[in-house]
1. Name, by its number, the condition in (1) open to solvent by 10 Å² or more (accessible area, probe 1.4 Å); (2) not small (Gly, Ala, Ser); (3) not in a loop (DSSP other than H, G, I, E, B) that does not hold for A:Gln2.
2. In this structure, does B:Arg36 turn out to be more than 10 Å from chain A (Cβ to nearest Cβ) and under 28 Å from A:Val4 (Cα atoms)?
3. Scan the stretch B:76-114 residue by residue and report those that are of a type outside the set (A, V, I, L, M), more than 17 Å from the chain's Cα centre (by Cα) and at pLDDT 95 or above.
4. How many residues are surrounded by 15 or more Cβ atoms within 10 Å (Cβ to Cβ) and at pLDDT 95 or above if we restrict to the stretch A:6-33?
5. Could you please find all residues in the stretch A:93-106 being closer than 27 Å to A:Val13 by Cα, outside any loop (DSSP other than H, G, I, E, B) and either aliphatic (A, V, I, L, M) or within 7 Å of chain B (Cβ to nearest Cβ) (or both)?
6. In the stretch B:50-88, how many residues are in contact (Cβ under 8 Å) with a residue 24 or more places away in the chain and either in contact with a Cys (Cβ under 6 Å, 6 or more places away or on another chain) or within 11 Å of another protein chain (Cβ to nearest Cβ) (or both)?
7. Test each condition in (1) open to solvent by less than 20 Å² (accessible area, probe 1.4 Å); (2) over 12 Å from B:Tyr33 (Cα atoms); (3) not hydrophobic (A, V, I, L, M, F, W, C) for B:Thr70 and report the one that comes out false.
8. Tell me which strands (runs of 3 or more DSSP E) are completely within the stretch B:1-93 and hold 1 or more residues being over 24 Å from A:Ser46 (Cβ atoms), or say none if there are none.
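The values are calculated or read from the model by the stated rules, or taken from the named source; none is laboratory data. Treat the numbers as computed from the prediction; the structure is a model and nothing was measured. Ideal geometry is used to build each Cβ from the backbone, glycine not excepted, and the neighbour counts take in all protein chains shown. Ligands, DNA and RNA are stripped out before the accessible areas are found, and what is left, the full protein with its side chains, is counted by its heavy atoms. Shrake-Rupley method; radii C 1.70, N 1.55, O 1.52, S 1.80 Å.
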Amino acid sequence: KQEVTQIPAALSVPEGENLVLNCSFTDSAIYNLQWFRQDPGKGLTSLLLIQSSQREQTSGRLNASLDKSSGRSTLYIAASQPGDSATYLCAVFQGGSEKLVFGKGTKLTVNP
Amino acid sequence: NAGVTQTPKFRILKIGQSMTLQCTQDMNHNYMYWYRQDPGMGLKLIYYSVGAGITDKGEVPNGYNVSRSTTEDFPLRLELAAPSQTSVYFCASSYSMARNTEAFFGQGTRLTVV
């Protein structure tokens, strides 16, 4: 059974800091990995999708990497801003089962 | 393009009542999913569908039913509501695995069973 773990569960940083969020998964047979952002009381917004054949994807200040063989992904946020405060979730599209399996998320607070 | 639309946004049910959470998408996606999100527990898959007429159970299907008569719609039915079904429910959709594209989520339905 695929399990997705996100560490840390919560992170508080000062504005302007670069930071890394971690995601690990137990079964490397995935189609892709997706990072989402969730604001309080809101739905999930897709940030980045990395296909299983790719090593990284970039969008603005965000960079996501994928090491499928070791079951790890990182989301790098450069020059963090208070508006980045949210919960960040990673999810893997599980091969063979057509399911999207989520981690529990990392709650990020960026202090002005 | 409205994306994934869920209705209602909020609902209070009494124990034993039934209701249907509606989900519709206008992106012609094959795959649709229902998740519930409880505080500190992440998202748990209730049911999913890989196309019209095809549905399958996820991690926590008990107490729920689904149908997929069209590509666009994937309603979730709660029969005999229980306090344990108090949660936020999210519907999502994506293209098939072969398209390898991102999943899109609705804004959620906050359900309280009292």
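1. The failed condition is (3).
2. Considered against the rule, which asks whether it is more than 10 Å from chain A (Cβ to nearest Cβ) and under 28 Å from A:Val4 (Cα atoms), B:Arg36 comes out as yes.
3. The one that is of a type outside the set (A, V, I, L, M), more than 17 Å from the chain's Cα centre (by Cα) and at pLDDT 95 or above: B:Pro83.
4. Result for the stretch A:6-33: 9.
5. If the condition is that a residue be closer than 27 Å to A:Val13 by Cα, outside any loop (DSSP other than H, G, I, E, B) and either aliphatic (A, V, I, L, M) or within 7 Å of chain B (Cβ to nearest Cβ) (or both), then A:Phe102 is the only one that fits.
6. Matching residues across the stretch B:50-88 total 4.
7. For B:Thr70, the failing item is (1).
8. B:10-13, B:19-25, B:54-57, B:64-66, B:76-78
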